[in-house]
């Protein structure tokens, strides 16, 4: 396709509709160019640092708390004041930037809605730009949706506070070139949203609020902080009005929580326990080492020692510095089967009881049907208080050994676990290639994070040739046989029109699982197949 030049040095490699032109204005594109020219080289250097660190892990080195930043951990400081509308975050709901889902999430009764351009979004050009249109309309309270059946959706008078999650530093937006180079997907998603909505949000007494995904170090947090300051200057908005919650979803970030808060202290709203990506990160970073082999995904709960250590350290770190601690996702999707619902709702309640008792100030759910369950738990713990940051958790003493103690994880590797991982990975990626980033599978809302765990575990088990509880050794032949069996089942279950996506997804999984070296991100290879 011939590139469309829309501003000096900016080329768009995709068709642009008249409505999309309202987002991709010359002034908005000039702002994106400013962000790219100011920060992209630093971004690439930080990604190179990730590779160097990975090489050290491959050699057998392990992460530890940084000696060079000990003074930050041991000195007295707090984050800047947090805005009134971000004080009470007892239940947050997340979902993609689909128009109907945005309306339902904002109306769900949750305190906060995180609109997701990242793991719950398949980053087609249309999804990313339509998402910006949808959020612009949501900010201005004009968003509506008319279903094919004629049902009208519109916002209630009271809605959740909006936060936006841009894509991670490792991703690029291939459809927009600046001086011949793809723009960072992080800067693209962040830049378009804040350019069009910062002033409107501030006029309403709110502000531009974000979730930051997949940070691996405090230096990556420093880059975001500098992006925020530069954007505040460029857009003439008050210093510190941008607020960010950082997902602690990499094992390296777990060792730098305090430093991440410090770097963003002027813009910091809290940390979130991104449990699924955290498990994936641990497998990825230490994939070469047998002592980090984990059992079936369902066995790796928040109660296993290394996950409990991470969860409690997060609360203690946040409250020490005056920041919110937000718990992890409950991904259950209510079913028509009341027996399934009863068991799942009990599990959700138990998970939220654990978080609230540990001191978390709020939690995540994936479906409006879970909001009342999560809210009831946190209402009991918080009462009329917006949070429980007074609980400093000075009893928590987490060491590097605690965070890396995977050997104490109970559970087995089973054939059912292998089959589940293959099925989830193929089916999720087939939908992702179709343009859908949040997919209900077996009454769970799966996103890119759970697909990453699935394929990462398959690589780990296969390359270490583990033996399942049933006595089956996992090698290439065993994998290919199981993969073919499940692929054929999926072809029989789904319409013929979906067969090409299932085939592409199965081939993609093979490339990921059978690769000699561990592929860093599933979505990097998959993105090449998206339009």
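The values are calculated or read from the model by the stated rules, or taken from the named source; none is laboratory data. Every value quoted in this text rests on a predicted model; they were computed, and no experiment measured them. With ideal geometry, Cβ positions are generated from the backbone for all residues, glycine too; neighbour counts draw on all protein chains shown.
Listed values, structure above:
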read-out	value
Among residues of the stretch 55-75, those that are part of a helix (DSSP H, G or I) and touching a helix residue (DSSP H, G or I) at 6+ places or on another chain (Cβ under 7 Å), counted	4
Residue within the stretch 34-43 that is under 27 Å from residue 287 (Cα atoms) and either at pLDDT 95 or above or not in a helix (DSSP H, G or I) (or both) present	yes
Failed condition for residue 114, given (1) out of contact with any helix residue (DSSP H, G or I) (no Cβ under 7 Å at 6 or more places or on another chain); (2) in contact (Cβ under 8 Å) with a residue 40 or more places away in the chain; (3) buried (at least 21 other Cβ atoms within 10 Å of the Cβ); (4) not in a strand (DSSP E or B)	(4)
Positions within the stretch 298-313 being closer than 26 Å to residue 474 by Cα and surrounded by fewer than 21 Cβ atoms within 10 Å (Cβ to Cβ), in sequence order	298, 299, 301, 304
Per-region count, the stretch 495-530, residues in contact with a helix residue (DSSP H, G or I) (Cβ under 8 Å, 6 or more places away or on another chain), surrounded by fewer than 15 Cβ atoms within 10 Å (Cβ to Cβ) and not in a helix (DSSP H, G or I)	3
Tally of residues being in a loop (DSSP other than H, G, I, E, B) and touching a helix residue (DSSP H, G or I) at 6+ places or on another chain (Cβ under 8 Å) across the stretch 416-437	2
Qualifying residue in the stretch 326-337 (condition: farther than 30 Å from residue 517 by Cα, outside the structural domain of residue 517 (by TED's automatic domain parsing), without any contact (Cβ under 8 Å) to a residue 12 or more places away in the chain and surrounded by fewer than 23 Cβ atoms within 10 Å (Cβ to Cβ))	yes
When residues of the stretch 117-158 are limited to those that are surrounded by fewer than 21 Cβ atoms within 10 Å (Cβ to Cβ) and touching a strand residue (DSSP E or B) at 6+ places or on another chain (Cβ under 6 Å), the one nearest to residue 13 (Cα to Cα)	125
Matching option when the condition is more than 30 Å from residue 162 (Cβ to Cβ), touching a residue at least 12 places away in the same chain (Cβ under 8 Å) and outside the structural domain of residue 459 (by TED's automatic domain parsing), among 349, 394, 358	394
